[in-house]
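Peer 1: My questions will all concern the structure given below.
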């Protein structure tokens with residue numbers, strides 16, 4: 001998994017970050033219905049002890065970079081999407 005953030009964000013140049021580093025950011029997320037990955041990411045967020053702050057939901061994982069590029073927060077994506 002990788003965090004997808006805009007280049008101007010403070011965490012954009014870091015080699016690794018914790019999911020709790022993203023606690024104050026709004027997120028663009030993959031819709032949970034029918035997606036084991038989205039369900040897993042949401043469970044990680046809830047387990048980390050902070051509430052979901054969803055700015056945008058998308059239907060397929062390939063669509064996640066677009067809202068991030070438009071400034072709608074951050075996302076946690078499969079490594080294959082981030083490259």
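Peer 1: Do you know which of the residues in the range 31-66 that are free of Cβ contacts under 8 Å to residues at least 40 places away in the same chain and within 14 Å of residue 3 (Cβ to Cβ) is farthest from the chain's Cα centre (by Cα)? Quick ask: steps written out before the conclusion?
Peer 2: Taking the range 31-66 as the starting set, the residues that turn out to be free of Cβ contacts under 8 Å to residues at least 40 places away in the same chain are 31-36, 38-40, 42-63, 66.
Those still in the list that are within 14 Å of residue 3 (Cβ to Cβ) too: 44-45, 48.
Values: 44: 11, 45: 10, 48: 14 Å.
Among residues in the range 31-66 that are free of Cβ contacts under 8 Å to residues at least 40 places away in the same chain and within 14 Å of residue 3 (Cβ to Cβ), the one farthest from the chain's Cα centre (by Cα) is 48.
Peer 1: Give the range 59-71 a look and list any residue that's in a loop (DSSP other than H, G, I, E, B) and surrounded by fewer than 18 Cβ atoms within 10 Å (Cβ to Cβ), or say none. Before the answer, list the steps.
Peer 2: Initially, the range 59-71 is screened for residues in a loop (DSSP other than H, G, I, E, B), giving 59-60, 64, 70-71.
Correct list: 59, 60, 70, 71.
Peer 1: Separate question: Are any residues in the range 67-83 within 17 Å of residue 40 (Cβ to Cβ), out of contact with any helix residue (DSSP H, G or I) (no Cβ under 7 Å at 6 or more places or on another chain) and touching a residue at least 12 places away in the same chain (Cβ under 8 Å), and if so, which ones?
Peer 2: 79, 82
Peer 1: Just the residues that are surrounded by fewer than 15 Cβ atoms within 10 Å (Cβ to Cβ) and not in a helix (DSSP H, G or I), please, taken from the range 33-53.
Peer 2: Let us first name the residues in the range 33-53 that are surrounded by fewer than 15 Cβ atoms within 10 Å (Cβ to Cβ), namely 33-34, 36, 39-40, 43-44, 46-52.
Selection gives 33, 34, 48, 49, 50, 51, 52.
Peer 1: Only residues that are touching a helix residue (DSSP H, G or I) at 6+ places or on another chain (Cβ under 8 Å) and within 15 Å of residue 79 (Cα to Cα): list them for the range 30-57, please.
Peer 2: Of everything in the range 30-57, those that are touching a helix residue (DSSP H, G or I) at 6+ places or on another chain (Cβ under 8 Å) and within 15 Å of residue 79 (Cα to Cα) turn out to be 30, 37.
Any read-out appearing in this document is the output of simple, stated calculations on the displayed coordinates, not a laboratory observation. This is a predicted model, so every value here is computed, not measured. Using ideal geometry, Cβ is built from the backbone for each residue, glycine included, and neighbour counts are taken over all protein chains shown.
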